[in-house]
Structure formats: structure tokens, C-alpha cells
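Contents: one structure, followed by commentary.
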Amino acid sequence: MEPVAMLSGPFAIVAVILGSIFGFVLLIWIVGALLKGIGWVLETTGRFITHVFGCIKGVVVEAVRAAGALVSALILFPMALMNLAFGRWAASKHFADSAGDELRAMVGSTYRAAIGWPLRLVGLGFALDNLEARMLETVERAPRVEPGALDFWGYTIEKRLPQGGSGAQLFLARPTDEHRTRLASQGIDLPSRVVVKAFGLDLGSSLPQMMRENRALEAARRMGLVFEHVSEGERFYYVMPYVPGDDLGVVVHRLHERSGAQGLDDASLSAVLAHTQNLLGILGRFHAAGVWHKDIKPSNIVVNGDRVELIDLGLVTPLASAMTLTTHGTEYYRDPELVRQAMKGVKVHEVDGVKFDLYSVGAVVYSMVEDSFPAHGNLSRITRRCPQALSWVVRRAMAESSQRYASTSEMLADVAKIAQAHDPFAVRPADLPSMGGSPVELPQIPDQPLPPLRRTGPPPLPHERARDERAQTHRRHHEERLAARRRRQEARDSARRVAHEAARRHREEHRSGSRPMHMIAGAIGIMAGFAFLGAMALALVAERHVSSFDDGPTAEAYASPQPFEEPSSFDVNSTASAPMAMPAPVDGPVDPAGHPVVLLLPEVPRELLDADERARLHDVAATLESSFGWWVVSEFDARDVEGVDEEAVLAGARAEALMNEVGEERSRERLQAFLEISSEIDGVLWIGFDDQHRIARHELVVPDEDRGLERKRVTKRTFQRMLDTTLQ
Amino acid sequence: MPQDLSTGFIQRLRTRDPQAWYELWEIFGPILRAQFARWGKGRIGAETVKDLSQETMAALASAIDTHDPSRGVRFSTWLLAIAKYTLTDEFDRRMAIKRGEGKKPVTLDESFDRPGEEQPPDERYEALVVGAKVEAALRSVEREAEHMDFEVYRMRVLEGVAGKDVAASLGLSEAGVSRRLGKVRDLVRGHLGVVMARFSFTDEELEEVGRKGLDPNPNKASDALFDEAVSEVYHRYAEFRAEIDRAGA
């Protein structure tokens, strides 16, 4: 009984209290769980209702949007047709494009209203989430032109190569036997495989890209890095050697994987030093040829065994170019100073392109040592295993421009010192040749596989080229004066012979004593006199012709003159008041001798001009030729001017001023600089149109008042007056 | 003193001076990229990060004409707010495409130009900003100083090489190393003061330099501390960015 008594005592009280607490806690828990459950049910119901209403709202909104888009398309489409009927092609295309956009929006909205939202309503929305946008993106990303659709005459395309950053399409191709034979006869030895780099508006390239590449092509062609180039309609392509191998970034990454996290082991370091020396050797050849690469980075360096090759000539620029410096290049491998200078608008020849290339080489060496790009420029830390002397070389190559290596050979000497050391880590910066250390013998850099240079020295600078051209022109004038003198002499001799013959006949007839014969002889004598005078006049005209123009008429032209009355000069009064006889229509190439040659340059490329504007330009060219006696180089007539590489001068002038408004100061200066070095044309007639397809702006650009058109006795001002009259 | 806005850097930005914009981009472009990469937590691609940082600069260009720094917003906070606006704008746009709705985000001015309502930037972002400013100062010193002088400074201060080793490596005397080091240190102090003033809207931002041990006032006794502080900020900044670059890769 005692335990029972104990339970009924204080223990019972404790047990009751504990039981009450437990019961209370249990109750609270149950109530809490119940409330939570109710909350969950309410929340879920709320979410469900929101979801259902959201989907219904989505369907309604999309349906309304689809209807709105359809209405807009129905309004825009007739507007496109109306503009088409009026011949306003650009406006018609605009409205048609807008109608197309509206129809696309309608299809998208209809899809979302009919499929997207209903599927979301039943919980399957994620399966098709944003499918319409993704599909559109996929379609847009699809290659537009397949390799098989492209045709490069003389080459069979094997495959498409990864696209570079210059907007070009790259193809690996095999030249046909016939084409190889043909080029071999011209001294070009094509290898079995080549790379064709193609640009075109239809291939997705932009005009600035094409222009830039065209300029680079000129420099690359001078270096012999391009086998041939072809322009066809709205695209052009050129053919380069195919360089097999891996890009340096991949090769270096493999070296680091093999060496471990600490950095390059001795063998890998030795390979890196060898690659650096090869790179510097090849780059030295670029600089010696007067060009800089401008885009040196690991992905533009191909490693083939022990050799490295520099590819991608898209930004190659002549060191002495008069063009404005651009910021093109690759971030982290491009000297930030280049960007600063480019933003100041300096010209290429005002900066030292060699040093910008050397900065890039320093960045490439850094990337080889660190297996990463120099994210902080020259302040980037070198954390992996690297000889101190090599760190110094990297720092010096990436230092401020005035303190950087001056040439590839100076940098090469330092790298060679490290590479040739028994222990590269024992070489101190103070031991390097650039720091006063003993020099070492420089390695022989193999020439292959770059084609041998066709030039032994750098290309002439613009002023040297202009001087040579002036000397050539002078020689040509001298030869023409001599030829004219010979012709005059021949004419005099011929007239003398005719007179002599007439006199002889006259004497013979006189001896025969017949009166009618006297009359006949008299007539013959008069005719001979006229013939003599005519020959003399002809000789005088020929002499004046030579002294008035740069290029005198050829002997053939003189023997059978065209029905063209040559003006005494291109003075505005004589030209305006007494219209000249028209030059005869010429089907084949015309000889520009005696005629100023002017290039017709519209503000925008031919492809962006409509039919009206092209026709107007054709009229302008015809008027200039018929009224002024000027030969016009343009894309708007089929006439060839002899001795003028029309394609080259058109491309050159386009590169200087295209897409800029007539009168823009910098373009004008560039055109003048272009004319200074071009002996083929005397001036550029720069023309711009307004929205109504009328010629709204024009300007004649000539090199200066003492050359070019002035030597034809036409000043810029008088020409401008004539031109204004004509264009009005 | 924070910069004079009528003649200072902000004025150059307002007049669309390309050099000033490039300088701003060079210093703060990496910070913006780093910040976007952090916010994205690996879900924003590298190209999108680049685009967003450029769009932030574009938004900054439109905001700078009307912004009034006297409201007391720090430059770094202001920049962060614009970056955040750009990011949310991008997300709004993407979500709008997904939803098929044309939801308009708040305007730029509504979004960032409200002092006190913006969450203060975290310590890491502030460290990035200070690091970028120190790096900008070092970069301008590197351009101005003799190459040998700066290399001495780099080896001695930034790489922590002992004075006598620097002297042996570069073929200099120890006294020569000290002299060149002092010369560059003075330049660093000067340029740091200029950079800090250029990108500070408030006195508090300027005082931050001192708090980080980067006191620009010359003091012989604090030379070692100053060098140590520069080195620490430089390495920390490089580590942060390397970490973010790795995460982005």
C-alpha cells in the first residue's frame, strides 16, 4: 500500500501537472498543425486561382495582340504596294518589312494564345517555355550560305573553317590542276591546299569590315602573303596559304597540364622560349616589310611542331599609312595606349606600330607563362614558375611605349639570351643584352611556311612614291614632246615632197605647152599649196596639244583624228559659250590622253543607291564626258579608261570617303592624300543625294591648286561653276 | 575635398570627352564585370556580362547629366545602383519576353537616385572599388615613372623581394634601390590622391583612403605601412578578379 500512498501524494500532483503541460503542448501543436494545413490549403487554392486567371488573362491578351498585329499588317501591306507602284523602292521595302514584323508578331501571339498559355494552365508550360523565341534564335543562327552554294573559280571547297572576327567566311580549298598551271605560268606556285577568305554583303560581312580587309589585303599582297584576289559583284575573296596546326592557346594549355599547377617545367619552358623566338623572327619580317600585324594573340598563332606561324591578316596595316588609327584589336593583347591614340584621331604613321605589336608579343608570352590572359595589363601578376629575366622581358615589352623595346631584334636578343642559358633561372635581368649584358648569337628563324617575300626592302613611303611618280610623268612628257617633234618634221617633209612633185609636174606640163594642161597644173599647184598649209596647221595643232595636256595624242590618233574639236583650253568662257563637238561614242577602252580623268564617287556604295540615283549618276558621267571632254571613272558606265585600273582606284577612293557626307573635312583630306599618290586620276567628284533622290551635294576634290586639274588649265573654282550649271 | 564638378572629371564625362569615358571604363569596367558575375552566380554568360557592363556605362552616360552628387550618394554606391538597375532591366525584359507581356521597368532616375533607400554595397564590392582605384593609380605611375624605377617598386613592394635581392637582380646598389623606391612611392601617393578625389562624391569616400592605410600625406614613419597597404590592396584586388574570372570560365 505504501507505493500507492506515495502515488496519491506529491507524486500524483507532479504527474497531474506534467500531464497537463503535455496535454497543453499537444493541443497547441495540433491546433498549429491544423491552422498550418488550413493556410496551405488556402494558399494553394489562391495560387491555383491566380494561375488560372493569369492563364486566362494571358490567352485574352495574346489573342487581342494577335488581332492588333493582323490589323497593323493589313494596313501596312497596301502601303507597301502603293509605294511599289510609285517606284519608291526603299519606302516600299520599309513598309513590307514592317508588315512582315507584324505578321511574325501575330503568329507568335496566336501560338502563345492557342498553345502556350493553355499548356501552362495544365502545368506543361515549362516544356515549351519560350520555345517560339528559342526557335527564332536557332533559325537566325543557322548558316545562311552553305559551302556547296559558294563557287570560287579554280578552287574546290573542302570544308568551312571557323569564322574569324573580321566577318569573313573561311574555306579550306584545293586548287584545280588547270588553275595551278595557269598561276604557275604567272610565277605563282600554288600549294595543294589553300585557305579562301571571302567577304560579301550576301555572306554577312559589313562594308567597314570589307573596306578594312581590302586595305589589309593591299599590304599583305605586297608581302607576298596572298596568292591572288578576286572581286565578283558584291563580294571579294582572296587566297592564302593553308597553315595546319593548333593555335598557341591550345598548345600552351597542354604544356601547363603536363607541367602541373606550379607552372611550366623546364622542357615546357624551353618550348615556350623557342615559340617566342620564332614569333619575334616572323614579326620582324612583317616590320621589315613596312607593315604591322595589329592583332597578335594566341588564337592567331598556329603551332606546327617546332614552328609557329602568324595568321589572320585582317588588320595588317602599313606602318606609314596615312589612314586614321582605329581601335581594332583584341582586348588584353592590345596596348591600351593604342585605344587612347585612336580616340585622339591620330594617323597610323604618327604612331609607332612596331611597339604596339611588341606589347602584344609581351602579352602572348605572359599568357604562355600563366596560361591566362593579362587581365591587368602590365600590372598583371606573374604567379607561376618563370625565370626572373623572362618576367623582365614581359614587363619591358608591355611597358609604357617610350620605354618599351624599340624593335623585335632587341627583344629577340634578350629572349635568346635566356633560351641559350644553361639554367634560364640563373639569368638576371641585369645580364640581358638590352641591359648591357653580353649579346648572344641570334637563332636563324625558318622562313617557311610563309611564302618568301617578294620585296627585299620596305615599301616606299607616300612621299617617295609621289616623287617616283612625278619623275615618271616627267619622263613620259619628255618622250611625248620628242614624238610630237618627229611628227611635225614628218608632216613638213611630206608637204615639201608634195610641193616638189607638183612643181616638177608643172615644169613638165609647161614644157608640153598645152593651155588646158596649164589650167590643170595651176589647180594642182593650188591644191599642193593647201596641202602644205594643212600639214603645217596640223603640226602646229599637235604641238599645242602636247604643251596643253599631260598626255599628247598618240601617233595613231594623230593619223586619224577623232571628230572631236579640241578646245584651246578648258577655260570656262570658251567651254560655256561655245559648246565643244562631242567625243565620238567609244565602245572599247578609251585613251585618256589629253583628257582629265575624274572619278565619280557617290556618298554611299552602289548597292545602296536606287535605280533613279544610279541613272542620275550615269547621266552625270555622260554629261561630264560630252560637255567637258572629261573621261569619267565610275561604276555607272561600262567604259574602260586605258591605263587606269578602275577597280583599284574606285576601291581606294571608297576606302577614304565612303559613307561620309560630302564635304566632311577628314574624308576630304583623306581623298586629297589619296589623289596625291594616285597618278591615274586627276580628281574625285563626290556626290550625295537627298531623300527625293536628287543630287543635293557635290564637291570636286583635287590634290591642290598646282597639280591635277590645274595643269589642264582648269581651276577648281571654274570647274565648280561649270559643274553647278550642269547639275542644276 | 571631392572634385569640383564644374571643371572636374564629371564635367569631362558630361561633355562626352572620349578620353574620360575610356579612363572610366578602364578603371570600373572590370569591377562592373566582376559584380555582374557575382550577381549571376555562374548563370550569366561571359558575353552577357560584357554586354551588361557596357549597358551600365551607357546608362551612366544618360544619368550623369542630371545627377546631383550633393545628395550624398557615394560614387561607388551610385555606380552599383546603376549596375543593379541595368541588371533588373535586363531581367525584366527577358521575363517580359517569356511572359509575352510588355512590362515596363521603373525609370532609371526612379530606380537609383533615392539616397537612403538603396541597400549599401557589401564589403567585397567596396574592396573591389578601392582595389580598382589603387590599380588605376599604379597604372598611371607606371606610365609616368622610369621603367627601371617602377620595376624596383614592383619587385620590392608588389612582389615582396628583399632590397638586396632586387639590387643584385637588376645590377643596382642597395642605396640606388632605396632611392628609386622612394621616388616611385611619392608618385604613387600623388596619383592615389588624384584618383581618389576624381571618383569621390563625398568626404566620407575620401576619408576611406586613410582608413585603408593609404594615407596620401607623406610621412617617413608610415612609408612601410603605406607600401604594405598598397601591396595588400593590389593583391586582394587581383585575387578577387582572378576568382571571378575562374568562376566565369
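None of the figures in this text is laboratory data; all of them are computed from the coordinates on show. Since this is a predicted model, take the numbers as computed values, not measurements. All Cβ positions, even for glycine, are placed from backbone atoms using ideal geometry, and neighbour counts span all protein chains on display.
One table, with the values for the structure above:
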| read-out | value |
| --- | --- |
| Per-selection Kirkwood Rh - region B:123-183 (Cα, Å, 1 d.p.) | 12.4 |
| Rg over Rh, two decimals, region A:17-88 (C-alpha only, Kirkwood Rh) | 1.70 |
| For region A:294-302, Karplus couplings with θ = phi - 60° (6.51, -1.76, 1.60), whole Hz, Gly/Pro x | 6, 9, 7, 7, x, 6, 9, 10, 9 |
| Using a Förster distance of 60 Å, the FRET efficiency for A:Met527-A:Thr181 (Cβ separation, nearest 0.05) | 0.50 |
| Estimated inter-spin distance, A:Val250 and B:Thr88, nm [label 7 Å along Cα→Cβ] | 4.6 |
| Subset of A:Lys197/A:Lys294; A:Lys197/A:Lys344; B:Lys164/B:Lys212; A:Lys294/A:Lys344 violating a 24 Å alpha-carbon distance limit | A:Lys197/A:Lys344; B:Lys164/B:Lys212 |
| Dipole in debye (nearest 20) - region A:225-290, about Cα centre, beta carbon charges: Lys, Arg +1; Asp, Glu -1 | 160 |
| Cα centroid of region A:226-283 to Cα centroid of region A:643-666, whole Å | 36 |
| Kirkwood estimate for region A:255-342, i.e. one over the average of 1/r between Cα atoms, Å | 14.8 |
| Region A:311-397 - convex hull of the alpha-carbon atoms, volume per residue in Å³ | 97 |
| Exposure proxy ranking, count of Cβ atoms within 10 Å, fewest first, for A:Asp371, B:Asp186 | B:Asp186, A:Asp371 |
| Separation of alpha-carbon centers, region A:292-332 and region A:363-416, rounded to whole Å | 18 |
| As computed over region B:138-225, the Cα convex hull volume per residue (Å³) | 90 |
